[in-house]
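This report refers to the structure that appears directly beneath it.
Read the figures in this text as sums done on the coordinates, not as results from a lab. Values in this document were obtained by computation on a predicted structure and should not be read as measured data.
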């Protein structure tokens with residue numbers, strides 16, 4: 001339902017929320033290594049998010065990315081919307097070009113409920129909320145270092 005780019009961006013932002021602060025900025029290469037995603041692609045995503053004020057960045061020898069207190073209050077939907085737009089949530093679940101309540105696909109009514117519910121969760125879950133849940137539930141944003 002969301003693109004690989006959005007998934008990478010969410011993981012990177014959550015990594016920043018856990019590891020960065022104004023005095024501890026992190027470069028795109030280090031983030032990419034830690035969350036195991038392609039560096040050039042992630043660097044572009046992070047620049048886009050910084051341009052849209054979802055994350056903060058500074059240039060120079062002590063530069064990098066971090067989350068300000070304002071950034072931490074952003075919701076997960078803002079990340080997805082700035083990377084993918086809202087089109088993924090508006091498209092037919094089965095890929096039909098015209099699918100709506102008047103002309104539904106076979107799973108339209110099931111998928112519509114699911115899409116609405118997940119969209120509401122993304123819109124009401126802040127970055128900080130998700131980081132708290134990561135700590136409480138010991139969930140992962142990377143498999144690096146695990147013996148699987």
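Which label marks the calculated value of percent of Cα pairs over 27 Å apart, given the options [x] 25; [y] 29; [z] 19?
[y]
Per DSSP H run of at least 4 residues, take -39500 (n - 2.57); add these up for the chain, divide by its residues and hand me the 222 nm value, nearest 500 deg cm²/dmol.
Calculated from helices alone, the mean residue ellipticity at 222 nm is -16500 deg cm²/dmol.
Find how much the distance from residue 93 to residue 114 grows on full extension, using 0.36 nm per residue of separation minus their present alpha carbon separation; answer in nm with one decimal.
Extra length available between residue 93 and residue 114 comes to 6.5 nm.
Gap in Å between the Cα centre of region 59-84 and the Cα centre of region 90-148?
So the separation of the two Cα centres works out to 20 Å.
Given Cα positions, please report Rg to Rh for region 1-57, the hydrodynamic radius being the Kirkwood one.
0.93
Just to be sure I understand the curve: with the Debye formula and one point per C-alpha of region 82-140, what is log10 I(q)/I(0) at q = 0.14, 0.18, 0.22, 0.29 Å⁻¹?
Relative scattering, expressed as log10 I(q)/I(0), comes to -0.54, -0.74, -0.89, -1.17.
Over the chain, what is the mean sequence separation of C-alpha contacts under 8 Å (at least six apart), divided by residue count, expressed as relative contact order in percent?
29
Find the Cα radius of gyration of region 49-122, compare it with 2.2 N^0.38 Å by division, and give the number to two decimals.
1.55
Extension gain residue 126-residue 52, at 0.36 nm per residue separation less the Cα-Cα distance, in nm?
25.0 nm is the gain from fully extending residue 126 to residue 52.
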